[in-house]
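Computed from the coordinates by the stated procedures, all read-outs in this text should not be read as laboratory data. Keep in mind that this is a model prediction, so the values were computed, not measured. Neighbour counts are summed over all protein chains in view; Cβ atoms, including those assigned to glycine, are modelled from backbone coordinates with ideal geometry.
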Amino acid sequence: MTDRLAGVTIAVLGFGNQGEAQALNLRDSGVTVLVGARPGGGGGARARAHGFETLPLDAAARRAAVCAVLLPDERIPDLWPAIAAGLMPGAGIVFAHGFTLLYGDLAFPADADVVLVSPTGPGRVLREVYSRGEGLPAYLAVHRDASGGAWGLAESYARGIGSHRARLWRTTVREETEVDLFGEQAVLCGGMNALVTAAFETLVSKGYSAEIAYLECVHQLKYLADLLHERGVAGMRKGISGTALFGDLTRGPRVVGEGSRAAMAALLEEIRSGAFAREWAAEVARGAPRLAEAVARAAGHPIEAARASAVGGPPGPGGSGGESRKALSKN
């Protein structure tokens, strides 16, 4: 198979979560990389500190045979026309998430291959495993195959970021996007945060120590999640006590019962119908006041003070071991 990255320049547009990790991995794989950054943002300064030639987004696009669009989902539609106007003839375009491909109504040149290469984890982890000589699996999809070689572009790019060291899964843009959104909302972010907060509140409301409630329902989650990651559900159950196992299998379904399953089905339908994307677009268009208010309200929850007291350091991203939302998110 022809390596679509051999001898060409790649513009990594955006130097946040995925952008920084992918640019570093690509460079370490022998690819010529330059970075496109938004004026006034912190990404450009970080890219220059890493030794990358850094240009405005449209200027970077004009210099590259392949552009990796690793900007925030909500910013891409406004930024895209200027980027697209400067694309080289026959440019390859790579996205790390299908959200704007599915919902953004982006216009692409007729001769452009447009593909999806989506690592199955945050950029921080992508970089860590690459540096160990390993890789994160990635989802690959083709949105537009102008040249007849779009799958080759996706596979070459996945090799460049190290994902071929693990496994490459062929899928569709729709499947990647809808499953990713559902996973974030039902389990990885929304479901997990709601579950631990509700458990914390239940214990504290009955008079238990906030610090002990935090340690039991939040702090310990990492160790069980690591076990689940390493061994799967059945393997994880082999690693816990008989008491915990009995509680798991007899009480867990009462927590995530028919009501929770119905809520999951409803939110999946909102994703599939495009209702969630329209709601998010409308929120962004208003300046995201609802999101800002919800973030501020959550930051003032007693669970944050309990964290500071139980494990030390100030609550929130600046605390001990904390990281920004951008650093921890997949996309």
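Quick one: P(r) of the stretch 180-328 from all Cα-Cα pairs, 10 Å bins, percents rounded to integers, in order of increasing distance.
9, 30, 37, 21, 3, 0
For the stretch 118-218, compute Rh as the Kirkwood radius over C-alpha pairs and then the Stokes-Einstein diffusion coefficient at 20 °C and 1.002 mPa s; write the answer in µm²/s, rounded to an integer.
Calculated translational D: 132 µm²/s.
For the chain, what Kirkwood radius comes out of the mean inverse Cα-Cα distance, in Å?
One over the average 1/r among Cα pairs gives 21.7 Å for the chain.
So how do 274-281, 87-94 stack up, highest first, on mean other-Cβ count within 10 Å?
Working: 274-281: 15.0, 87-94: 20.5.
Packing order, densest peptide first, comes out as 87-94, 274-281.
Please list 3J(HN,Hα) in residue order for the stretch 153-167, calculated via the Karplus relation 6.51 cos²θ - 1.76 cosθ + 1.60 where θ = phi - 60°; whole Hz, with x for glycine and proline.
Result, ordered by residue: 4, 4, 5, 5, 5, 4, 5, x, 8, x, 6, 5, 5, 9, 7 Hz.
What is the projected area of the convex hull of the Cα atoms of the stretch 9-171, averaged over all directions, in nm²?
8.2 nm²
So how much slack lies between residue 124 and residue 301, counting 0.36 nm per residue of separation and subtracting their Cα-Cα distance, in nm?
Details: separation 177, 0.36 × 177 = 63.72 nm, distance 2.74 nm.
Stretched out fully, the residue 124 to residue 301 stretch lengthens by 61.0 nm.
Identify, among 64, 203, 169, the residue whose Cα sits farthest towards the positive end of the charge dipole of the chain, taking +1 on the Cβ of Lys and Arg and -1 on the Cβ of Asp and Glu, with the dipole about the Cα centre.
Result: 203.
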